[in-house]
Amino acid sequence: MERQAKVDILNRALHGTINSVLQYIDISAPFVPEGYEEKRARVTEMRNEEVETANKLVDLIAGLDGVPAVGVFPYWNVDLNYLDLRFMARFAAEHQEKVIAALEKDRDAAREDARLMQALNTILEQKRGHLAELRDIGKPGPAPDPEKLAAIQPTEAQHVPRAWSNK
């Protein structure tokens, strides 16, 4: 396998790691339902694990005299801020499935290079573990208490004045 082909594979893995929804959750200020504080903390830990993986990928690319290159965040045009952590975890899991499928294809193409295979296998193992955890975090929880829900609804005074709205 040519050096540039290896760099291309590693850059695709880097793109799928840096531009993951898991990375975005950490900055999107998700709504954390009561009782999900530990799961939110685990999302941050998974994000940190991905950052470590991205750094290792950059080192591998540099070791091949390549240039780390990633594309834009695939969901750049979707507003994902302030959404429920469970929804974001499901969304991240769907994205993770796509990244895993792409990495498996690249791993199949890289069978002749033991170092590249080892790196891809390690990344795949991590992403599959994260996928299982994201699926668990994304499971629907109990419905909110109607009284608590009513208590947090905005009052009439908190609504946007009609002059500022489209109505």
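Summary of computed values
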| read-out | value |
| --- | --- |
| Condition broken by Ala13, with the remaining ones in (1) surrounded by 19 or more Cβ atoms within 10 Å (Cβ to Cβ); (2) out of contact with any Leu (no Cβ under 8 Å at 6 or more places or on another chain) satisfied | (2) |
| Members of the stretch 20-41 that are surrounded by fewer than 19 Cβ atoms within 10 Å (Cβ to Cβ), in a loop (DSSP other than H, G, I, E, B) and touching a residue at least 12 places away in the same chain (Cβ under 8 Å) | Asp26, Ser28, Ala29, Val32, Pro33, Gly35 |
| Test result for Arg128, crowded, with 16+ Cβ neighbours inside 10 Å, at pLDDT 95 or above, among the basic types (Lys, Arg) and part of a helix (DSSP H, G or I) | no |
| Leading residue by the ranking (farthest from Glu2 (Cα to Cα)) among those in the stretch 105-114 that are in contact (Cβ under 8 Å) with a residue 40 or more places away in the chain and in a helix (DSSP H, G or I) | Asp106 |
| Residue list for the stretch 69-119, filter: touching a Leu at 6+ places or on another chain (Cβ under 6 Å) and not hydrophobic (A, V, I, L, M, F, W, C) | Gln96, Arg107 |
| Candidates Lys98, Lys39, filtered to the one that is farther than 15 Å from Ile25 by Cα and basic (Lys, Arg) | Lys98 |
| Qualifying residue in the stretch 45-65 (condition: surrounded by fewer than 13 Cβ atoms within 10 Å (Cβ to Cβ) and either at pLDDT below 95 or in a loop (DSSP other than H, G, I, E, B) (or both)) | yes |
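The values are calculated or read from the model by the stated rules, or taken from the named source; none is laboratory data. What you see is a predicted model, and the numbers here were worked out from it, not measured in a lab. No Cβ is skipped: glycine too gets one built from the backbone with ideal geometry, and neighbour counts run over all protein chains shown.
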